1. Quick one: which residues, 5+ away or cross-chain, put their amide H under 5 Å from the amide H of B:ILE6? H built at 1.01 Å from N.
2. Quick one: helix A:184-194 against the long Cα principal axis of chain A, what's the angle to the nearest 10°, folded into 0 to 90?
3. Quick query: amide H of B:ALA61 versus all other amide H atoms, modeled in the peptide plane; which residues come in under 5 Å with a sequence gap of 5 or more or a different chain?
4. Tell me the relative contact order for chain A as a rounded percent, counting alpha carbon contacts under 8 Å between residues six or more apart.
5. Where the eigenvalues come from the Cα gyration tensor of segment B:41-134, what are the semi-axes √(5λ) of the equivalent ellipsoid, largest first, in whole Å?
6. Rounded if a/c is under 1.5, else prolate if a/b beats b/c, else oblate: with a ≥ b ≥ c from the C-alpha gyration tensor eigenvalues square-rooted, which is the protein assembly as shown?
7. Shape call for segment A:135-207 from the C-alpha gyration tensor, a ≥ b ≥ c root eigenvalues: rounded (a/c under 1.5), prolate (a/b greater than b/c) or oblate?
8. For segment A:84-94, just list the computed ³J(HN,Hα) in residue order, Karplus coefficients 6.51, -1.76 and 1.60, θ = phi - 60°, integers in Hz, with x standing in for Gly and Pro.
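Just so it is clear, none of the values below were taken in a lab; they were calculated from the coordinates. Model, not experiment: these values are computed from the prediction. Glycine gets a Cβ as well: all are built from the backbone with ideal geometry, and neighbour counts include every protein chain shown.
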Amino acid sequence: MLSVSNGLKLVGLVALAALLLSFPSLAPNPFLLSVGVVIMSYAVLATAWNFVGGFTGYISLGHAAYSGLGGYATGLLIVKADVNPWLALLAGSLLVGLIAVPVGIASLRVRGASFVIVSISLVLILLLVFQSWGSFTGGSNGLRIPRPFGEDVLRPEQHERFFLLHVALLAVMLLAWWLIDRSHFGIGLKAIREDEDKAQALGVPTVTYKLVAFVLSAFFTAAGGGLYALWFGFLDPVFQFSILVGSYMVLMSLLGGIRSLLGPLLGAVIVGYAVEYFKAAYGDSQFHLVAMGLLLGVVVLFMPDGIIPALTSLVKRFRPEASSIREVTQAELVEQRRAGQAGGPPADRAAHPVAPVSEGGHR
Amino acid sequence: MSTPTIGLETTGLTKSFGGVRAVDGASVQFHHGKVNALIGPNGSGKTTFFNCVTGMIKPDAGQVAYAGRDITGRSPDKIARAGIGRSFQLCRVFPRMTVLDNVLAAKRPSRSGLLRSAHQKADVEKAREWLTRVGIEHLERSEARDISYGQQKLLELAGVLMADPETIMLDEPAGGVNPALIDRIADLVRSLNAEGRTFIVVEHNMDLVMSLSDHVVVFDRGRPICEGPPSVVKEDARVLEAYLGI
């Protein structure tokens, strides 16, 4: 049973990878290809956000701080210090991870709404700093970043390469997420999400665990921001340090399902496509914001766990049960339980024979 | 191994909330290897005392020592790692995690084992052993939010045991559960105590306290007013006054 569902998962992953890798050659025109890059960038950012949001349940609305810092760190290293673009991307992301350490120590002390507000405040501070410090950051005029590939590489080719680079970064992050999800560290993080005091009382070093997840999330978010900056070639503080970008990461993750590996990716594809569609269809009107607000409301009201868990439970409902109640009589159940008990770990059972409780108490 | 008679000990422990002294200079000694009970009227500061001892609340003054070491004001996870496990007054489990993962969350991995799979064979077997011991092993795949309150209480206990604490502090283990389950929990406490674990139990169910414990500490207005074996405490005039206001 387990191996079948694992096999299905593997087939699904391979199909997903094939779909993503073939998208550049399937895309009918460069514009759609560029939309694909934007959506993959959202997917990278949402998945990065989910390292802290999904595992620990700390909802940060200010992750644009790290994508923005990642973009600027990468860009400034290239422009001001003439560093190789790919090296700049790595160094910039590491630098942002480093900055996230004190920020995490300070902000993870508070929970719930307070944490949300602290996370927003950092974005607003950074927006002001990057706008005002024009001599260094380019201020409101923006920062132009030279393309990492030569002039001879044309637009469509650029899009294709960056699409694949985003897919590669996403793959690394999904692998890391999966590794953590199944590990002891992951169980500790999820315990924090479910009940932080309880986790701490059981001996989970919550402060360290939260901080590691937070810094990892900031690092990946910065890498996403840096890669986007290399592709787009231009940074403006208003768009980099925007509450909206951070909100998109949250919306996408919630929509897809924050407890699922692929939830943020699915959410990013849906929300990213919708945003681009509304922008293309209604131009510069703010209609896409209204639509996103409505979508967020619908998700929170009707699918609080996100699409993936909602679909999984739907599928489970139709799947035939291994042993239906109708097929087993009461007597057989008693027999089974007796046999199970005799066959279990003998030392404890013999010393303390306790029958399983099926209905232990009442509320 | 020489076991000290006194395991957990507080000296002058004090905690105020605003103008209310919830714990007021409490100096208490709990007997190592025994079942200790902490009783007292509602609002007498038992749970606050518990929370100060386990690090959930930082005391304003006083010391907490465990096995001769000062643990005052340490973080709850450090205190848990020092060998003190606890349950919560209104039982707390991880609702969206499976019963098995709830127990595995209490396993303390080595630094190098942090990223290894949480479902190592030995750990899973150990977790199943504890689930079997409390009697809910047939629920291991259920999510904790889907099982009954009584089963959640047993699950919480299995989680605490997975961490293998020397001393277990239970905050109202019999609160809100049916009489049959109370008996089961009492049996568990007795058998675990016989295996060498110390218990400190806050409880309102007097029959349970009197039948279970070796040593009873009575709290009133944030400090102990009387302590001793159940038979002595039951007759003490101060206890009767505190409970009945005579």
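1. Under 5 Å from the amide H of B:ILE6 lie the amide H atoms of B:HIS32, each far enough along the sequence or on another chain.
2. Approximately 90 degrees, to the nearest ten.
3. B:THR14
4. Normalised by residue count, the contact order of chain A is 27 percent.
5. After diagonalising the Cα gyration tensor, the semi-axes are 30, 18, 11 Å.
6. Working: a/c = 2.68, a/b = 1.76, b/c = 1.52.
Cα axes put the protein assembly as shown in the prolate bin.
7. The shape class here is oblate.
8. For segment A:84-94, the Karplus-derived couplings read 3, x, 6, 5, 4, 4, 5, 5, x, 5, 5 Hz, x marking Gly and Pro.
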